[in-house]
1. Could you pull out every one of the strands (runs of 3 or more DSSP E) wholly within segment 105-186 that has 3 or more residues that are within 14 Å of the chain's Cα centre (by Cα)?
2. For the structure I just gave you, tell me whether Arg116 is more than 17 Å from Gly212 (Cα to Cα) and either out of contact with any Gly (no Cβ under 8 Å at 6 or more places or on another chain) or not assigned by TED's automatic domain parsing to the domain that holds Tyr57 (or both).
3. Can you find even one residue in segment 152-174 that is acidic (Asp, Glu), over 24 Å from Asp19 (Cα atoms) and modelled with pLDDT of 90 or more?
4. With the structure loaded, tell me whether Ser176 is surrounded by fewer than 18 Cβ atoms within 10 Å (Cβ to Cβ), in the same structural domain as Thr123 (by TED's automatic domain parsing) and of a type in the set (S, T, N, Q) or whether it fails that test.
5. Taking Arg207 and the conditions (1) farther than 17 Å from Asn151 by Cα; (2) modelled with pLDDT of 90 or more, which numbered condition does it fall short on, given that it satisfies the others?
6. Which is under 16 Å from Leu163 (Cα atoms) and modelled with pLDDT under 80, of Gly105, Gly90, Gly125?
7. Do we have Glu15 as modelled with pLDDT of 85 or more and over 26 Å from the mean Cα position of the chain (by Cα) here?
8. Among the residues of segment 197-213, write down those that are in a loop (DSSP other than H, G, I, E, B) and over 21 Å from Leu118 (Cβ atoms).
Amino acid sequence: MVDDARQALDALIREHGEDYSALSRLLGRNPAYIQQYIKRGSPRRLSEEDRAQLAAYFRISEERLGGRGGAIAAAPSPPALLPVPRVEIGASAGPGAIAEIEEYGPPIGFDAAMLRGLGVTRTTGLSIIRVTGASMEPTLLDGDDILVDRNAVVLRSGAIYVLRLDDVLIVKRLVSAGAGPLVIRSDNPAFPDIVDYDPATLTVVGRVLWCGRKIG
């Protein structure tokens, strides 16, 4: 029965396109909790509270997860939000600032379905970074919060990325220039393209997926 519950949960995760770490955070656990339960058998059984919350999330009977039989659990209300950590230092859209992306502030909650719609496959690589500078106007404004996926480092020409260039953190578009180095481009035409740089000094931190800003 215990192994059946693990297999049932693993099947549900695959069927719904969920993520081990995201579900762990949904339960308020460490990111490896669900993976360890399924793959290593630790803990041996889900707690009643965790089982009930997962059953409600997937809208199934707790019996499928090793609990007692009964009606399908009601969907949780309000829907749980997945916390995305916020980096306090800005990613420059202008002159730049020395990058220290390890300094996290209070997280921002995102709906799991929204993240999936943005193409997120693993929530462990997400961060919120605040833009500083005007070089990405009108797309990104000074003070905007951007959602950055640090797992999305496969380059798409024309997409917006957070970059580390000569130990400076910046947010720009990367444009393929054929056989030459990537062009680092601003959306604001007042700022010229960056083409004369050593490619060895360029690191892709992650791709920008979403922007939020204060109105008024």
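The values are calculated or read from the model by the stated rules, or taken from the named source; none is laboratory data. None of the values given here were measured: they were computed from a predicted structure. So basically every Cβ, Gly included, is an ideal-geometry build from the backbone, and we count neighbours across all protein chains shown.
1. Answer list for segment 105-186: 126-132, 145-149.
2. Values: more than 17 Å from Gly212 (Cα to Cα): yes; either out of contact with any Gly (no Cβ under 8 Å at 6 or more places or on another chain) or not assigned by TED's automatic domain parsing to the domain that holds Tyr57 (or both): yes.
When the stated conditions are applied, Arg116 passes them.
3. Kept after step one, since they are acidic (Asp, Glu), are these residues of segment 152-174: 166-167.
With over 24 Å from Asp19 (Cα atoms) added as a condition, the list becomes 166-167.
Pick out the ones that are also modelled with pLDDT of 90 or more and you get none.
Checking segment 152-174: not a single residue is acidic (Asp, Glu), over 24 Å from Asp19 (Cα atoms) and modelled with pLDDT of 90 or more.
4. It is true that Ser176 is surrounded by fewer than 18 Cβ atoms within 10 Å (Cβ to Cβ), in the same structural domain as Thr123 (by TED's automatic domain parsing) and of a type in the set (S, T, N, Q).
5. The failed condition is (1).
6. Result of the check over Gly105, Gly90, Gly125: Gly90.
7. no
8. Taking segment 197-213 as the starting set, the residues that turn out to be in a loop (DSSP other than H, G, I, E, B) are 197-198, 213.
If the condition is that a residue be in a loop (DSSP other than H, G, I, E, B) and over 21 Å from Leu118 (Cβ atoms), then Tyr197, Asp198 are the ones that fit.
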